[in-house]
Amino acid sequence: MWQELREELHPKGFEVVTVALDTAGPEACVKYVEAASPAHPSLIDEAHVLDELLGVVNVPNGVWVDEDGMIVRPAEPAFPGRNPVMESFASIDPATLPPDVADMITEVKKIRTDPDAYKTALVDWVTRGAASPYALSPDEVVARSQPRSMDQARAAAHFELGQHLHRAGDHDAAVGHWREAHRLHPHNWTYKRQAWNFEDPVRQGRTDAYDGCWIDDVKSIGAENYYPAVTF
């Protein structure tokens, strides 16, 4: 979907840079990048630096950066024009699936996104630049950006330690740090999903390694709150 948008808006000076957050390393992502064959830069962030620098706590998120390198919209849910995940699940009847998968699909269908509104805002900004009402002032960007609490800073440190231990071959030790990152920053879904995926790829279901899992944690907050509403 980003490739389609890039082709549409690139003649107006717009560029897309996609970044995959994946501690598992390039081999976990490269096949998907190659399959998409993007014309835009496509990067892999093994260390989740985007979490640290830009406040990304879930994916997909988008950050708007103008031609002067200034952030004009901070990290927020980003589905430009369509949500392929929701499209792929729309026609699936949960009654035809195993109970655990049906439970997951049912919750996914409750997740709220607004792809049309996001694309409308993005196209307006690309067309009108700083005159677009969707381009925020520096003060507005700061106001919308979430300050990092001490608990969140500690969570980031634990997550990074877990990454180091995992890459060094001590996955069991990494789990302890990732559990602590989850406790300290429970709303950071990139921390959670990364850790869960090592134990149960794709489903990110219940395991002995963690107290939570995707389906339980989504239900606890309500699937409709999985992505915060984007304010335009």
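The values are calculated or read from the model by the stated rules, or taken from the named source; none is laboratory data. The shown structure was predicted, so the numbers you read here are calculated from the model rather than taken from an experiment. Counting neighbours? That spans all protein chains shown, and the Cβs are built from the backbone with ideal geometry, glycine included.
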Cβ-Cβ distance below 7 Å, separation of 6 or more or different chains: which pairs start in region 36-53 with a residue that is without any contact (Cβ under 8 Å) to a residue 40 or more places away in the chain and end on one that is hydrophobic (A, V, I, L, M, F, W, C) and loosely packed, with under 14 Cβ neighbours inside 10 Å?
His40/Val17; Pro41/Val17; Leu43/Val17
Please go through region 172-200 and give me each residue that is charged (D, E, K, R), in contact with a His (Cβ under 9 Å, 6 or more places away or on another chain) and within 19 Å of Asn61 (Cβ to Cβ), ordered by number.
Lys192
What pairs come out if I take residues in region 141-163 that are among the basic types (Lys, Arg) and pair them with residues that are part of a helix (DSSP H, G or I) and modelled with pLDDT of 95 or more whose C-beta lies under 7 Å away, six or more apart or interchain?
Arg154/Leu184
Does Gln194 meet the test of being touching a residue at least 40 places away in the same chain (Cβ under 8 Å) and under 29 Å from Arg73 (Cβ atoms)?
yes
Can you find a residue that is aliphatic (A, V, I, L, M) and over 22 Å from Ser149 (Cβ atoms) anywhere in region 49-68?
yes
Failed item, numbered, when Asp151 is tested on (1) modelled with pLDDT of 95 or more; (2) within 25 Å of Trp2 (Cα to Cα); (3) out of contact with any strand residue (DSSP E or B) (no Cβ under 9 Å at 6 or more places or on another chain)
(2)
Surrounded by 14 or more Cβ atoms within 10 Å (Cβ to Cβ), within 26 Å of His48 (Cβ to Cβ) and touching a residue at least 12 places away in the same chain (Cβ under 8 Å): does that describe Val123?
no
Checked Glu15, Glu46, Glu67, Glu8 against criteria (in contact with a strand residue (DSSP E or B) (Cβ under 9 Å, 6 or more places away or on another chain) and over 25 Å from Ala223 (Cβ atoms)); the one match is Glu46
From the set of residues in region 111-148 that are within 20 Å of the chain's Cα centre (by Cα) and of a type in the set (Ser, Thr, Tyr), which is farthest from Val65 (Cα to Cα)?
Thr113
For region 90-172, which fully contained helices (runs of 4 or more DSSP H) count at least 1 residues that are more than 23 Å from Asp217 (Cα to Cα) and of a type outside the set (Phe, Trp, Tyr)?
115-128, 138-144, 150-167
Can you name every residue in region 164-182 that is buried (at least 20 other Cβ atoms within 10 Å of the Cβ) and under 19 Å from Pro26 (Cβ atoms)?
His166, Ala174
